[in-house]
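Each reported figure results from applying straightforward, stated rules to the coordinates on display, with no laboratory input. These figures come from a predicted structure and were not determined experimentally. All Cβ positions, glycine included, derive from the backbone under ideal geometry; neighbour counts span all protein chains shown.
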Amino acid sequence: MRPDLEPVPLPLGWTVYGAGDRHEYLYFLTAGIVSRFYLTANGASTEFAVTGSEGVIGVASFLGGEYMPSHAVVLSAGYAYRLGADLLRNEVEHDGPMPHLLLRHTQALIAQTAQIAVCNRHHSLEQQMCRWILSCLDRLPSNELTVTQEQIANMLGVRRESVTEAAGKLQEAGLIHHGRGHIAVLDRSQLEARVCECYAVVKREYGRLLRPENTFGYAGVHGTRHQYRAGW
């Protein structure tokens with residue numbers, strides 16, 4: 001499949017897919033983070049999943065639905081390889097490793113979506129924010145996030161003032177430092193101590209479903225941080 005993979009940049013804020021867009025490509029992320037969220041008729045939004053180099057964007061292209069009613073937007077700039085939907089469908093028709101790996105990824109994505117729904121309903125905003133920060137850090141090479149409080153509020157589906165209050169409590173406790181458009185994690189272990197169980201549940205499922213023995217021997221092809229890096 002390598003000759004058919006096209007390297008593409010993922011600039012910050014770029015819409016990979018909008019709601020109702022036809023999924024013409026499957027994107028294999030190698031660096032960066034893509035946020036998946038729903039936008040309501042009145043303009044409110046809520047994130048239901050984040051994806052980094054462990055996953056793909058464009059699952060409808062191999063599930064048969066062709067499009068989804070959600071948005072996929074680059075939250076942290078990175079890179080990907082993309083494969084045309086027609087080429088992908090041809091690959092899926094064969095009983096090779098790719099269809100099995102994609103289905104495992106989809107199962108992990110479903111687990112993440114379900115757990116976030118539970119988290120949004122039953123856990124405090126401070127716990128949700130801890131979960132969100134840790135989930136992003138797992139997909140980044142550093143302990144720093146370039147994100148505004150307004151963006152976090154949009155992802156969590158809450159008011160910006162509420163995010164400001166929660167971030168202030170975490171900063172007072174010495175867990176993070178937040179400035180204009182920037183969050184630095186100072187004490188990850190304490191952040192993990194404060195987070196709800198949802199973070200561990202999702203991380204455990206991704207580890208179980210996508211560990212090496214379940215990915216049919218696929219290994220990453222790593223370059224420098226500024227090159228296209230395959231986490232697949």
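I'd like the Karplus ³J(HN,Hα) series for segment 138-151: coefficients 6.51, -1.76, 1.60, θ = phi - 60°, whole numbers in Hz, and an x wherever there's a Gly or Pro.
Values per residue, Gly and Pro as x: 4, 10, 10, x, 9, 9, 10, 10, 9, 7, 8, 5, 5, 5 Hz.
Based on the alpha carbon coordinates of the chain, what radius of gyration and maximum Cα-Cα distance (Dmax) apply, in Å?
Over the chain's Cα set, Rg and Dmax evaluate to 17.6, 55 Å.
What's the local net charge at Ser124, with K and R +1, D and E -1, over the other residues with C-beta under 15 Å away?
On the way: positive: Arg121, Arg131, Arg159, Lys169, Arg194; negative: Glu126, Glu165, Glu197.
Result for the local shell: +2.
Please report the net charge: other residues with Cβ closer than 15 Å to the Cβ of Tyr25, K and R +1, D and E -1. If you can, show how the numbers build up before the last one.
Details: positive: Arg22, Arg82, Arg89; negative: Asp4, Glu6, Asp21, Glu24, Glu66, Asp86, Glu91.
That works out to -4.
Please work out the FRET efficiency for the pair Leu103 and Arg208, using the Cβ-Cβ distance as r and a Förster radius of 22 Å; give the result to the nearest 0.05. Let's see the in-between values first.
On the way: r = 14 Å, r/R0 = 0.64.
With a Förster radius of 22 Å, E is 0.95.
Work out the length of the dipole vector of segment 124-195 about its Cα centre, built from +1 on the beta-carbon of each Lys and Arg and -1 on the beta-carbon of each Asp and Glu, and round it to the nearest 20 debye.
On the way: 8 positive and 9 negative charges, 23 e Å.
So the magnitude is around 120 debye.
How much net charge surrounds Leu75 when only the other residues with a Cβ under 14 Å from the Cβ of Leu75 are counted, with Lys and Arg +1 and Asp and Glu -1? Please report the intermediate quantities before stating the final value.
On the way: positive: Arg36, Arg139; negative: Glu47, Asp138, Glu144, Glu150.
Local net charge: -2.
By its C-alpha gyration tensor, with a ≥ b ≥ c as the square roots of the eigenvalues, how is segment 124-195 shaped: rounded for a/c under 1.5, else prolate for a/b larger than b/c, else oblate? Can you show the working numbers first?
Numbers: a/c = 1.38, a/b = 1.21, b/c = 1.14.
It is rounded, given that a/c, with a ≥ b ≥ c, falls under 1.5.
Give a residue-ordered list of calculated ³J(HN,Hα) values for segment 71-81 (Karplus: 6.51 cos²θ - 1.76 cosθ + 1.60, θ = phi - 60°; whole Hz; x for Gly, Pro).
9, 10, 10, 5, 8, 9, 4, x, 9, 7, 10
For each of Arg208, Arg104, count neighbouring Cβ atoms within 10 Å of the residue's Cβ, then give the residues from fewest to most. Show your work: numbers first, answer last.
Values: Arg208 13, Arg104 18.
So the residues, fewest neighbours to most, are Arg208, Arg104.
Going by average Cβ neighbours within 10 Å, how do the peptides 7-14, 113-120 rank, with the highest at the top? Provide the component values of the computation, followed by the final result.
Numbers: 7-14: 13.9, 113-120: 17.4.
Ranking the peptides 7-14, 113-120 by packing returns 113-120, 7-14.
Considering the dipole of the chain built from charges on the beta carbon (Lys and Arg +1, Asp and Glu -1) around the Cα centre, which of Gly52, Leu191, Phe37 is farthest to its positive end?
So the residue furthest toward the plus end is Leu191.
Tell me what the chain gives for mean residue ellipticity at 222 nm when only DSSP H runs of n ≥ 4 count, each as -39,500 (n - 2.57), the sum divided by the residue total, rounded to 500 deg cm²/dmol.
Numbers: 8 runs with 93 residues, N = 232.
Taking each H run of at least 4 residues, the total per residue is -12500 deg cm²/dmol.
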